[in-house]
Amino acid sequence: MSPTGGLPGYAAGEIFASLREYAQRTRTGYSFADNVGFIVDLPERQSFSPDAAFYTGELTMKFPKGAPVFAVEVRSEGDYGPMAEQEMAQKRADYFSAGTLAVDSLFPD
């Protein structure tokens with residue numbers, strides 16, 4: 001995981017805080033900040049590590065098995081332009097293929 005700047009870090013933190021409040025209120029799952037690996041089974045990918053996520057599976061000491069139901073990728077300064085758009089589109093497609101129900105690519109500003 002590469003370090004990120006202030007705006008993307010703040011945005012991801014705010015999303016995590018909102019997901020945490022939702023998780024506590026509904027008791028339907030778990031909220032995660034960045035750097036958590038989710039184990040998935042895709043041809044080109046075996047894990048995800050979104051910037052924020054909501055997960056409804058079993059919580060253990062190991063990486064969560066299966067995709068989160070909601071995943072957020074916060075764009076950093078270098079995540080813009082045609083190549084970045086293709087990479088983000090592929091990442092979203094991978095999330096959906098693995099079973100994630102909602103994916104957001106946030107543009108902090």
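The values are calculated or read from the model by the stated rules, or taken from the named source; none is laboratory data. In this text the structure is predicted, and so the values were computed from the model without any measurement. Positions of Cβ are generated from backbone atoms using ideal geometry, with glycine treated the same way; all protein chains shown enter the neighbour counts.
Each residue in segment 31-48 was checked for being in a loop (DSSP other than H, G, I, E, B) and either touching a residue at least 60 places away in the same chain (Cβ under 8 Å) or touching an Asp or Glu at 6+ places or on another chain (Cβ under 7 Å) (or both), and 1 of them qualify.
Residue count for segment 25-42, restricted to those that are modelled with pLDDT under 95 and touching a helix residue (DSSP H, G or I) at 6+ places or on another chain (Cβ under 9 Å): 4. May I ask you to list the residues in segment 53-70 that are of a type outside the set (Ser, Thr, Tyr), surrounded by 12 or more Cβ atoms within 10 Å (Cβ to Cβ) and either at pLDDT below 95 or in a loop (DSSP other than H, G, I, E, B) (or both)? Matches in segment 53-70: Gly57, Phe63, Pro64, Gly66, Ala67, Pro68, Val69. Within segment 71-109, being hydroxyl-bearing (Ser, Thr, Tyr) and in a helix (DSSP H, G or I) holds for Tyr95, Ser97. When segment 4-30 is filtered for residues that are in contact (Cβ under 8 Å) with a residue 24 or more places away in the chain and within 15 Å of Leu59 (Cα to Cα), the ones remaining, listed by number, are Ala23, Thr28, Gly29, Tyr30.
Exactly one residue out of Glu85, Glu73 is at pLDDT below 95, of a type outside the set (A, V, I, L, M, F, W, C), surrounded by 12 or more Cβ atoms within 10 Å (Cβ to Cβ) and in contact with an Asp or Glu (Cβ under 7 Å, 6 or more places away or on another chain): that is Glu73. Restricting to segment 1-28, and then to whatever is assigned to a loop (DSSP other than H, G, I, E, B) and surrounded by fewer than 16 Cβ atoms within 10 Å (Cβ to Cβ), can you tell me which residue is nearest to the chain's Cα centre (by Cα)? Among them, the one singled out is Met1.
Taking segment 15-66 as the region of interest, how many residues are among the acidic types (Asp, Glu) and under 21 Å from Lys91 (Cβ atoms)? It would help to see each step written out before you state the result.
First pass over segment 15-66, keeping only residues among the acidic types (Asp, Glu): 21, 34, 41, 44, 51, 58.
Within this subset, residues satisfying the condition of being under 21 Å from Lys91 (Cβ atoms) are 34, 41, 44, 51.
Count: 4.
Evaluated against (1) at negative phi; (2) in contact with a Gly (Cβ under 8 Å, 6 or more places away or on another chain), Asp51 falls short on exactly one condition, (2).
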